Every structure is written in C-alpha cells, then in structure tokens.
2 protein chains.
Amino acid sequence: MKLNPRATAALRRKLGAKVVLTDEASCYAASFDSSKISFLPEAVIKPRKEAEVGVVLTLANRHGVPVTVRGRGTTLTGAAAPMAGGWVIDMRSLADIRIETDAGLAEVQAGAVVGDIQRAAEAQGWFYPPDPSSKEYCTIGGNIACNAGGMHGGKYGVTRDFVVALRGFLPTGEAVTWGTATKKFAAGFNLRDLWIGSEGMLGVVTGAVLKLIPQPAERWTLLTSFKDEEQALTAALALFRARVQPAICEFLDADSVRCAESATKQAVFAGQAGRPVILLELAGGKSEVRELKRTVLAWAAEQATAHRAAKTRAEAEQLWAVRRKCSGAMFELGDAKLNEDVVLPMRSYLAFIRFLAALKRESGLPIPTFGHVADGNLHVNIMYHRAIPAEERAAEKAVQRLMRTVVELGGAISGEHGIGLAKTPFLRIQHNAAEVRAMQAVKTALDPQGILNPGKMFDVVRIWKFAREQVKLPWDHK
Amino acid sequence: MKLNPRATAALRRKLGAKVVLTDEASCYAASFDSSKISFLPEAVIKPRKEAEVGVVLTLANRHGVPVTVRGRGTTLTGAAAPMAGGWVIDMRSLADIRIETDAGLAEVQAGAVVGDIQRAAEAQGWFYPPDPSSKEYCTIGGNIACNAGGMHGGKYGVTRDFVVALRGFLPTGEAVTWGTATKKFAAGFNLRDLWIGSEGMLGVVTGAVLKLIPQPAERWTLLTSFKDEEQALTAALALFRARVQPAICEFLDADSVRCAESATKQAVFAGQAGRPVILLELAGGKSEVRELKRTVLAWAAEQATAHRAAKTRAEAEQLWAVRRKCSGAMFELGDAKLNEDVVLPMRSYLAFIRFLAALKRESGLPIPTFGHVADGNLHVNIMYHRAIPAEERAAEKAVQRLMRTVVELGGAISGEHGIGLAKTPFLRIQHNAAEVRAMQAVKTALDPQGILNPGKMFDVVRIWKFAREQVKLPWDHK
C-alpha cells in the first residue's frame, strides 16, 4: 500500500486538524465495515459542509490518493472498507433532515440515519418505506450507495424508487446535481440512477431529495405456518395470484425457525414448532385493509397449517422481533456465515426451494434461509466453522453452486447488499464480458484516476480467506 | 452528409433485402418524427429477430455509419430523426407482448405499442400506468428511450418506475441484459436506468420486463372550476396537503379551456365558460375510493366555483376527451407551437403561475398552459405565426425566459419529452459544465465511434429555424 504523507499534510492544512483526523483510533474505526475486514486509511475526513468533500476529491486526484466514503459502515460486503488505504470520508457529520410536507419530499444530507428520516416523515403523516434491518444505524448515503431494500420491497420498492434527486461530487471533485425536487425529470442522461447502487465508485452523494408516501392509516399482522417449504412458497404464490400485495411478506424456512427458537428460547408459533412460517403485514386505508383481511384469512384457512393474527400493535411487534432475531440466531450453527441475498423470479420459487434442499443435503452444511418473499429476495445463510477446513471448502463450493443456480433460474446474485468485495467472485456469473466491460468503461469515464473506492466490484477477492476483526458492532446480533 | 453505399450493400447482403430497405418511400417515412424535420437515411432496417440489431451495430461500427433507432416516431423533440443520415432501425417488427400473470410482469419487445401492452395487462387484471397521450401509437421502446410520463405520473410514476429489466445491444453491437425479472437487483452498476431516458444514444433496447400493478377496482372522475389560475393551483396544493393522491389531476388554464371550447364548439364546464379547471380521477379499491371521495367533495365545495362528478364511465370519458383535445385545439391561436413540458416543484407553483401571466403579457403571445399538476409537469405552449418574424422572435425570447425561470424555481426543462434536438438550446440552463462533461464522457465510454443517434442532446440546434414536412400524422390533432 503506497503512502501519501505529503498529500495528507496538504489536506490537513487546507481543512484543519478538526476535519482531517490522523490519530490511530479514528483511522482504525474507519478501517472496516460490517464485513470486519480491516485496511488502515491514512486519514479520516469528517466534513463540516458539503463543499469540503469537493476539496478532498480535488486534492486526491492531484496526488493520486484513494478515497473511500462511508456512513455507519453497516454493509456486510466490504464496500466501505478502504482496501487501498488513503483517505476515508465519514459522512455522518452531514446529517440534516428537512421534510417538505406539502410536496411529500424529504431533503436530507447523506449522513442522516434512515430511522431518523422515517421518524421525521412519520411526524408529518408521511412514510419512507425502505427499511434495511440496520435502519437505526445505517445512513441514507449508504442506502443510496448499495440501493438498499428491506422488508417493504415487494409492495413499495427499494431505495432507488424513493430517490428523486441527488447532489454531490464527481470523482474528480466537481459539484453536480442529478434531478430536481420533482417527480418527473427528462433532461439529459440519468446519472442519478447510475449513482444509486454504484457502491461509492462513481461519485460521492452529499445530499438527496426523497419521495415520501402517505402514512398508511391501518396495519394488520398475520403469522402463518406450513407443512413444509414447498407448501409455504406455493401458498405465497397463490396469495400474489389473488392480487394481494402485502406491505411485508416474510418467509422463514424450518431451519431459520429452529434457530430463532433456540436463540430466544420461545416458540415462533406455539403448537407449530419447527414449521416454516410466513409473517405478513397488510397496510393501507382502514377500509382497504378490512377488505384485504377477508381475502387473506380465507387464504390462510385454506393453505396454512395454522394462522394467528396479532390483536394489538404490541403483539405484532413481538412477532416481528422474532423475525429480526433470526439472522443473528444462526451463529448457533457455525461461527462463520456466507450471507447471500439472492433474488429469484416468482416462476422459479419452487425450483429454487428444491435446489436448496439438495444443497443442504449434499454440502452437509446448515443453510437456514429466510427473506422477502413478495420480491423474491431470499437470504441464504451458509453456516460453517472457520476452524474446520472441510467445512470451509464445502461452504465455498456451496456458494458457487448457489450463485450459478440463481442466475440459471433467472435471478440475481444480490438484491440489496451489492457486490463490494464479498460478491466479486460471482459478478461474472451474473454479467457477461460485454456488460462488465461497459461498467468498467463508465467507471474510467467518470473516475479517470481511479481514486474512488478502488479494488471493489471488478477485482475478484475471496473475503472468506481474510482475517476478521474481533469487534462487536452495535447492530451485531451476537 | 457522408454516404456509405458499400457499407449499406454489405448490410443488405448480410440481412437480406426484406430486412434492409433502401427504397425512397421507406427512407422518407423514416426520415422524420413528430417534429417533422426530415433527414434522409440511406437504409431502413426492419429486424425479424433481436440478434439482427447486433449485426447492424457491429457493421455500423466497422464502417462508421450513423445509426438511429425509432419506434413509431411520435416524439416531438426530433430525437428519432436520423440527423446524420446513415441507417435507421425501425423496431416495430419486434412487438411481442407476454404477461406473466402470477408475478405481475409484462415481457415485451421494444416495438410493442403501449396501448396494446395496457390492454394485454388489463385482460389479466393488471395495470400498466404510464400513458403518454400518444399511447395508441407509440412503442414501449420509444417510451423507455425518453422515459415517457403521462397523466398518471403523480400517483404512479413514469416509465422508469415500471421497468424491471432491459435487454438489447451496446452501441458497439454486443448483447447485454440489465436486471432480471425480479423487483430487486443490486449486482453491478445500474446501466438499466442509464439507458432509460438516454434517447437512443447509449444502447439499443430490444426487450423489456415491465412491472404491473393490480388493476384498480374503482375509478371516479370529478371536474372542478376556479376563479383564476392562482386559485386553481392553491386549491390543488390544499388537496395534496390533505394527503389525497389522485390517480390523475389535470389542470387547464383559462386559455386552454377557451381553445378547447372553440375547437369542440362545446363548453368544457357548462356555466363556467372560460374558467380554469382541474379534472381529477381517484382510483383504487371500492372502499378506498369511497373514503377519498368524501374528502375530495368537501375540498371542491370549499375551493372551487363549481364541481361536477361524472355519473357514468361514459360521462367521465367525455370529460377526458375534452382534455385530450386541448393540445391540438391550440392551433387556433397560431400555426407554430413551442411545446415545452417543464416541471415545477410544488413550492414554486404560485410563483410560476405569476411568471406565466407576466410572460403572456410581455411577449404578446398566447401561451395556453395545461398539465399534470400532481407532479408539476406543465405543458406550456407558446403559439405564434411562422410567417410573422416579430412573433417568431418573441416566441424564441419567451422560451428562453421560460426555461431560465423554471430552473431558477428549482424545476426541470423537460419532464417527459426529453431533449432530442428541440431542447438542446436549454440543456446547459439545466446542467452545469461538469454535469454535461460527465454525460459526454459516459457517451464516449459506451459509444467510442459515436455512431448511435449522433447530433442529439449536446449540440445546440434551433429547430424552429428548420423547415417542417407538410404531412399529417395519425396522432396529429389538426
């Protein structure tokens, strides 16, 4: 790793020692994200105003210093790890939130926490649906960088569907704005959406205008259990065929249910222990939900082994709490997890669930799977023990098979996490050579010096070979 | 214009004389779009299968032949006019439509007509909302190229919001797919959305997967009239503030109303002659619409000079027919029209309507204005007589002032038409130099030979100086 002490000194002179931190603690804290693979930067920049981001980038280009941008670092992919060292811009100091209540828009800075944006919107009767499970920690800038999803994706969409405009800086340090605070915009190429999901490689977002939707007046939660996974997914398909769009529709396979039960020492669904479940929520106007409820209850009576509606908001919250715990609970089954957020088209649900059963059998590994069944985004968790080389090899083989099968079934290797470092071995399963070349050409066009988040997406890195920092992050389940 | 007879002959040998047409009538028909500015191509290609598009592009790159892609040519901007000659690919021969009914997706080829897609979806209980007024003629490929909108934009969004995946060819002729038939996708840079709205300059779309939504069970149409334009827009803002999201919310200023009345020889709203109107439609579940209706009727009683709900679908259709006629009706006021589809943020509605009153006064020109008031997309029609130089000068001056004011007010110079040739003089009012350079860098990265739709977007062209073909197109109102 090339060091740039003169460039760092120049930056410090320009922005001051309060903005440009070079102490060991600051650099270490910015050296890893939730993947816990650490690469030490030379400085951490905490900008006081957006324009300082431009100053950093301009100087970085002049001196050839790598720059990685981070919010809270909740990403699991390594996308926020400063792999080539250099400078890290920590956006959390830019965290304004302003709700434009008549128009139903939120004007936010990149460092604003997603949960805070949701609450600010809710206070004025508006709703910002994207809800990654890290929402109380993660920043909107990070959500934009990886096009974050969450449980609401099936009905409402993902981060991209709620971004109206972005402002920020090109990798070369020039200030740009993509889009206006309006719902329509057809003036020039759409670099707004090119930035969204580009994982901090094509530009730096400093601010965004988000679209809000009216807060649903009514919510209703139902827990259903099924004989087996095939029956659960067949039932889900029947529900969608009846044109029911639940706001949330979460599937937990039997392994996930058992993990959650073992970790929480309570049954996910009393009397239905060890059965796969679907937990769903309807949301909308009072009469709309009342109408849909009837359809859903009839569906549950026909398809499920049992069903239970939450009678109160508190009871519903208990049901959701179990769902949220299931990811962390999996560490009962191994100390290492390949957490893949694949997406399947509905027509492939059954073929995939059969493949998954075979993969569990043939790999000999526990692979608890849960996820957002209204949009096909399933979290497949390949669990193994780091100290057992045979398990590690089996896990590596299983993840390769998984990714190939997902693409063969018409799906995507990532639905909401992105590529970062973790999914670089699989990018070329999803994309042909021409597609990858086109992406790289765009990268070179916008970042000719290659300073922004280098080493990600295109270079193949097997992150399971790297040592992990032994730290506990606030959003870690265990 | 450089001619390429040898390249054309080579292409003909490769794809056959039935696919590669060089007769005068075919070339003339492909020489202009709805802007009616004609540039003769050397050949028109009507591909029998998608792969032939790749063959055309590969050969075009080898010989440096410009290629322009067209659907039906309904665009008003000149985006489909083959400005540099060369070859035109007419996509209408690729027009398959297949509804994946369980998943709520439509798999379509680029040449499919938007109205046909809507009907195919509706037949299975699904709804494809984007509805440009040319929907019975225009193709989905063209809608994707300009990110078409329509009256449903405010509630449902625009074309971009319904495109799940695209397939087609890079300008260099390589086959690519962006996205899968799933609602989530976070694997690599998002070139899907970069293609959408890129006006045929960054790639050729041959097929698309579109998202559908459940067909609303109930619709309800209300016509309201107002004292003046300020009062109409103030009322609209009050409605949105009450969290009512009409499926459609169309505003017609008094001039537009008078045009429609003069052209149709009937009152837009009996007893309210010459008053600005808002025509709105609620859509949704039966009980949802019933609930909203109450709110809207109370709003109308308070804000409007009069209101009238359509009692039947046929009566509603009559109300919408008047709205659809108002664009054509404007030719009563002049034989030339600068039709600008600007977008204003809600916070600027009143400032804009005051500016517009001043612009009408000071230019001395009729400027009837109507549009989609739920998303701020207003069609400002500057009418003049071609034969009167003073009027032409006044129109040119007015359009410049209009565009500057729109951007100063935080809006966009185009909401759904795009830039093409028509808006090239204004692109740099919207975008700063760095933004335009970034767009051009992306263009060069993906189309190094510059063969795809050259001469558009970035080179300033004053299309009002060009002669127009004297042809009547099927979608012309007059």
Exercise for review: For segment B:94-214, just list the percent of Cα-Cα distances falling in each 5 Å bin from zero outward, please.
Suggested key: 2, 13, 24, 27, 21, 10, 4, 1
Revision key, fill the gap. The exposure ranking of A:384, B:137, fewest beta-carbon neighbours within 10 Å first, is B:137, A:384
**Study point:** Label geometry 7 Å along the beta-carbon vector: residue B:122 inter-copy distances in nm
**Key:** 4.0
Study note, to complete from the structure: Mean separation of Cα contacts under 8 Å (at least 6 apart) over the residue count of segment B:218-417, i.e. the relative contact order in percent, is 27 percent
Review point. Kirkwood hydrodynamic radius of segment A:218-417 from all distinct Cα pairs, in Å?
Key: 17.2 Å
Point to revise | Computed magnitude of the charge dipole of the protein assembly as shown (debye, nearest 20; Cβ of K, R +1, Cβ of D, E -1) | key: 660 debye
Exercise for review: Taking the dipole about the Cα centre of segment B:94-214, with the C-beta of Lys and Arg at +1 and of Asp and Glu at -1, give me whichever of B:143, B:201, B:185 is farthest to the positive side.
Suggested key: B:185
Practice item. Give the Rg/Rh ratio for segment A:1-69, taking Rg as the radius of gyration of the Cα atoms and Rh as the Kirkwood radius, to two decimals. Key: 0.94
Review point. Picking from B:305, B:376, B:359, whose Cα lies most toward the positive end of the charge dipole for segment B:218-417 (charges on Cβ: Lys, Arg +1; Asp, Glu -1)?
Key: B:305
Review point. Mind checking which aspartates and glutamates have their C-alpha under 19 Å from residue B:18, skipping anything on the same chain fewer than 8 residues away?
Key: B:42, B:50, B:52, B:90
Study note, to complete from the structure: With only helices counted (DSSP H, runs n ≥ 4, each -39500 (n - 2.57)), the per-residue ellipticity at 222 nm for chain B, to the nearest 500, works out to -10500 deg cm²/dmol
Study note, to complete from the structure: Helix B:286-303 sits off the longest principal axis of the Cα atoms of chain B, rounded to the nearest 10 on a 0 to 90 degree scale, by 60 degrees
Check your understanding: In vacuo Debye scattering of segment A:421-472, one point per C-alpha: log10 I(q)/I(0) at q = 0.22, 0.23, 0.24, 0.31 Å⁻¹?
Key -> -0.88, -0.93, -0.97, -1.21
Check your understanding: With each label point set 7 Å from Cα along the Cα-Cβ vector, what nm distance links residue A:400 and residue B:335?
Key -> 7.3 nm
Check your understanding: What angle, in degrees between 0 and 90 and rounded to the nearest 10, separates the Cα long axis of helix B:313-329 from the longest principal axis of the Cα atoms of chain B?
Key -> 70 degrees
Review point. Using a label point 7 angstrom from Cα along Cα-to-C-beta, what distances in nm, from shortest up, separate residue B:9 from the other copies?
Key: 6.9
Exercise for review: Give, rounded to the nearest 20 debye, the magnitude of the charge dipole that chain A has about its Cα centre when Lys and Arg contribute +1 at Cβ and Asp and Glu contribute -1 at Cβ.
Suggested key: 360 debye
Practice item. Report the charge-dipole magnitude of segment A:122-273 in Debye, nearest 20, computed about the Cα centre from +1 at each Lys and Arg Cβ and -1 at each Asp and Glu Cβ. Key: 560 debye
Review point. Along the Cα-to-Cβ line of residue A:1, 7 Å from the Cα, sits a label point; which residues in segment A:429-467 have backbone N less than 14 Å from it?
Key: A:453-455, A:467
Practice item. Could you grab the relative contact order for segment A:93-214? Cα pairs under 8 Å, six or more apart, rounded to a whole percent. Key: 30 percent
Practice item. Would you mind computing, in nm to one decimal, how far apart the modelled labels at residue A:302 and residue B:390 are, each placed 7 Å from Cα along Cα→Cβ? Key: 7.4 nm
Exercise for review: Just name one of A:69, A:21, A:9: the one whose Cα is farthest towards the positive end of the charge dipole of segment A:1-69 (beta-carbon charges, Lys/Arg +1, Asp/Glu -1).
Suggested key: A:9
Revision key, fill the gap. Site residue B:440, offset 7 angstrom along Cα→Cβ, radius 20 Å on amide nitrogen, limited to segment B:385-421, gives B:419-421
Check your understanding: Can you give me the Cα centroid spacing of segment A:172-210 and segment A:58-132 in angstrom?
Key -> 13 Å
Review point. Nearest 10 degrees, 0 to 90: what angle lies between the long axis of helix A:433-446 and the longest principal axis of chain A (Cα atoms)?
Key: 40 degrees
Point to revise | Alpha-carbon gyration tensor eigenvalues x 5, square-rooted, for the protein assembly as shown, Å | key: 44, 34, 29
Review point. Copy-to-copy spacing for residue A:286, label 7 Å out on the Cα-to-C-beta vector, in nm, shortest first?
Key: 1.9
Revision key, fill the gap. Here, residue B:48 and residue B:267, labelled 7 Å along Cα→Cβ, have an inter-label distance in nm of 6.1 nm
Study note, to complete from the structure: Taking the reciprocal of mean 1/r across every pair of different Cα atoms in chain B, the Kirkwood radius in Å is 23.2 Å
**Study point:** Computed P(r) (all Cα pairs; segment A:72-119; 5 Å bins; percent)
**Key:** 5, 17, 21, 20, 14, 10, 7, 3, 1
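Taken together, the values in this text are just the output of simple stated rules run on the coordinates, not laboratory data. Note that the structure is a prediction, hence the values are computed from the model and not measured. Heads up, the Cβs are rebuilt from the backbone with ideal geometry, glycines too, and the neighbour counts pull from every protein chain shown.
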